[in-house]
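Shown next, in structure tokens, is the structure this report addresses.
Please treat every number below as a calculation from the coordinates, not as lab data. Since the model is a prediction, treat every value here as computed from it, not as a measurement. All Cβ positions, glycine included, derive from the backbone under ideal geometry; neighbour counts span all protein chains shown.
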2 protein chains.
Amino acid sequence: MDIYNIINNHRSIRKYKSDNIPDDVMSRILNAGFRASNTGNMQLYSIIVTRDKGLKESLWDIHLKQNMVLEAPVILTFVADINRFNKWCEQRGAEPCYDNFLWFYNATIDAVLASQNISVAAEAEGLGICYLGTTTYQAQKIIDLLKLPKGVVPVTTLVIGYPDETPPLTDRLPENGIIHYEVYKDYSNNDIDEIYQTKENLQETAILIKENKLPNLARIFTDKRYPKNDNLFFSQDYLKVIEKQGFMNNE
Amino acid sequence: MDIYNIINNHRSIRKYKSDNIPDDVMSRILNAGFRASNTGNMQLYSIIVTRDKGLKESLWDIHLKQNMVLEAPVILTFVADINRFNKWCEQRGAEPCYDNFLWFYNATIDAVLASQNISVAAEAEGLGICYLGTTTYQAQKIIDLLKLPKGVVPVTTLVIGYPDETPPLTDRLPENGIIHYEVYKDYSNNDIDEIYQTKENLQETAILIKENKLPNLARIFTDKRYPKNDNLFFSQDYLKVIEKQGFMNNE
């Protein structure tokens, strides 16, 4: 079935041609995003479309100078947004109370559902995409650059353009590593060995271990890629941003 | 293009036939979920597949007795999961530090991306889906029922089965209500009137206003559907669950 040709061939694209995306293609993929499920049909998200060279350079800097941000013609920043809904409520004499964590979380889910529809539609159009996890790390800088008002917080970012590479498919854990039937079955030591075996035995894993001079792949994650100090710093920072943007009035 | 026939015809299905979903179909749609982008290819989520009648009855009760939970053959509960990754790290002598908000949020995004791939694939297979926003409201009860260990928190739920209804497409805000070019352009009073005009002029809106004896649609959201006390209660409750499950060690 056609859909699996798209979904099962997804790879994150990190090298892009400079070709622009035609307006009709952009409009189709954005509208595919809007059709995604969302909480109470309130659509508590916005999407900032960045094509301007100067702004892309600033985003490149913010997203830790990953070159794809400069190369790709379009950057989409997905934001949780209660600002628009609040304004509507206030203009109608209704008293909104969505400036709390529940609605930050609902808005996050809605933004991410829209982003994935856009990703699938973009790939069906021959475009490539890459998500930028650096969005939460750099939320305040993105707020300043994209002039996000109170009630609006960056959730994730998509780089979109015509691919200039075809990287291999990345590995995934086996089905029984993710799926639990009826209730959660906790993992035995044996289960863990089996689930991570393929990933640990990849040639690229061997190369990474050698390059990083570490005894195994798990240590590369904990010591190099996502170390403790970064995790704690960015957790505190993002929570501060959520509060500052007015999403933590929980009492 | 085929993909738009699927994505642009999405409607949430709330009435299901009792037909089971064949194993090969389930396996295809679940594996489509795994192919979604995810943070650092760590796949920090699990999916609980519930088909058991007794467990479905308990889930029906938990999800505020929405009958589709009983009718549909399969309920998928998507959970943020650092338990599996932590066990792997510890078994390899690596010291994981993912028990903080940043990684709860990353895991949430990953779970939601997988859920939307599964939704799109399911619809391509002729299945219907509905997301259950009640997942966050009832997180602790779901944890107890599905035996979720520390490091695991419910994010969202999908009801899946063969549709026994074809509801009309729901409305969406116009493109200029969601999209901002280059930077966020805040909304004028006029913008708000225009963006919400179609929604406010729907026949179903007129019926809702009459039924609820309220002056407008915004008041139905603030006074009836998602009122203040519920929002504050569920915000506090979900934050407590996130902390209790070990995702708030941010210092």
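From zero outward in steps of 10 Å, how is the percent of C-alpha pairs of the range B:175-228 spread across the bins?
21, 41, 30, 8, 0
Could you pull out every one of the aspartates and glutamates with an alpha carbon less than 16 Å from that of A:Lys199, ignoring same-chain neighbours closer than 8 positions?
A:Asp171, A:Glu175, A:Asp191
Need one value for A:142-151: mean number of C-beta atoms belonging to other chains within 10 Å of its residues' C-beta atoms.
Mean number of neighbouring Cβ atoms from other chains: 2.
Based on alpha-carbon atoms only, what is the radius of gyration of the range A:31-178 relative to the globular estimate 2.2 N^0.38 Å? Intermediate values should be presented prior to the final figure.
Numbers: Rg = 16.6 Å, N = 148, 2.2 N^0.38 = 14.7 Å.
The range A:31-178 yields a ratio of 1.13.
Using the structure shown, select from B:Lys87/B:Lys141; B:Lys65/B:Lys213; A:Lys240/B:Lys244; A:Lys185/B:Lys244 the pairs with a Cα to Cα distance greater than 23 angstrom.
Distance filter (> 23 Å) returns B:Lys87/B:Lys141; B:Lys65/B:Lys213.
Among B:74-81, B:17-24, B:240-247, B:195-202, how do they line up by average Cβ neighbours within 10 Å per residue, starting with the highest?
B:74-81, B:240-247, B:195-202, B:17-24
What is the extension gain from B:Glu243 to B:Lys17, computed as 0.36 nm multiplied by their sequence separation minus the C-alpha to C-alpha distance, in nm to one decimal?
Value of the extension gain: 77.5 nm.
Size of the dipole of chain A about the Cα centre, Lys and Arg at +1 and Asp and Glu at -1 on the beta carbon, nothing else charged, in debye to 20?
660
Given only helices, namely DSSP H runs of n ≥ 4 each adding -39500 (n - 2.57), what is the per-residue ellipticity at 222 nm of the protein assembly as shown, to the nearest 500 deg cm²/dmol? Before the final figure, lay out the partial values.
Working: 24 runs with 239 residues, N = 502.
Mean residue ellipticity, 222 nm, calculated: -14000 deg cm²/dmol.
Roughly how many whole Å is it from the C-alpha centroid of the range A:122-176 to that of the range B:217-251?
The range A:122-176 and the range B:217-251 have Cα centres separated by 27 Å.
Compute the angle between helix B:23-34 and the longest alpha-carbon principal axis of chain B, please, reported from 0 to 90 degrees and rounded to the nearest 10.
With both axes taken from Cα atoms, the answer is about 90 degrees.
Subtracting the Cα-Cα distance from 0.36 nm times the residue separation, let me have the gained length for A:Asp164 to A:Glu251 in nm, one decimal.
Gain in length upon complete extension: 26.3 nm.
Residue by residue through A:80-88, how many Cβ atoms from other chains fall within 10 Å of the Cβ on average?
Mean inter-chain Cβ contacts per residue within 10 Å come to 5.
Could you please state, rounded to a whole Å, how far the C-alpha centre of the range B:63-99 is from the C-alpha centre of the range A:59-75?
33
For chain B, take every pair of Cα atoms, bin their distances at 5 Å starting from 0, and report each bin as a whole percent.
The percentages, shortest bin first, are 1, 6, 10, 13, 15, 16, 15, 12, 7, 3, 1, 0, 0.
Whole-Å semi-axes of the protein assembly as shown's equivalent ellipsoid, largest first, each the root of 5 times a Cα gyration tensor eigenvalue?
32, 28, 23
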